[in-house]
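Every number here is computed from the coordinates shown, using simple stated rules; none is lab data. The structure displayed is predicted, hence computed values, not measured ones. Cβ: placed from backbone, ideal geometry, glycine included. Neighbour counts: every protein chain shown.
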C-alpha cells in the first residue's frame, strides 16, 4: 500500500533532543521571552545554525 502524499512538506519530520538542565532552562526562558513554543524556538535555532554552517563550509571550500 503506497504512502499517501504529504500535502504540506514543512515541519513534518521529528527529531528528539536530550538537553542538560542548564540548556533546557535557557531554552525555556528564551521561549518565554519570545512568546513562542519551546519546540518552535529550538527548530529556528537549529535551522539558523545549520544554514550558517553550510555557508561556512561553502566559503571554506572555495578558498581551498
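Per residue, the chain reaches -21500 deg cm²/dmol at 222 nm when only DSSP H runs of four or more residues are counted, each adding -39500 (n - 2.57).
Footprinting exposure proxy ranking of 16, 47, 38, fewest other C-beta atoms within 10 angstrom first, gives 16, 47, 38. A Cα-only calculation for the chain places Rg and Dmax at 16.5, 49 Å.
As an exercise, use a Förster radius of 30 Å and the Cβ-Cβ distance of residue 17 and residue 54 to find the FRET efficiency, rounded to the nearest 0.05. Efficiency at R0 = 30 Å is approximately 0.95.
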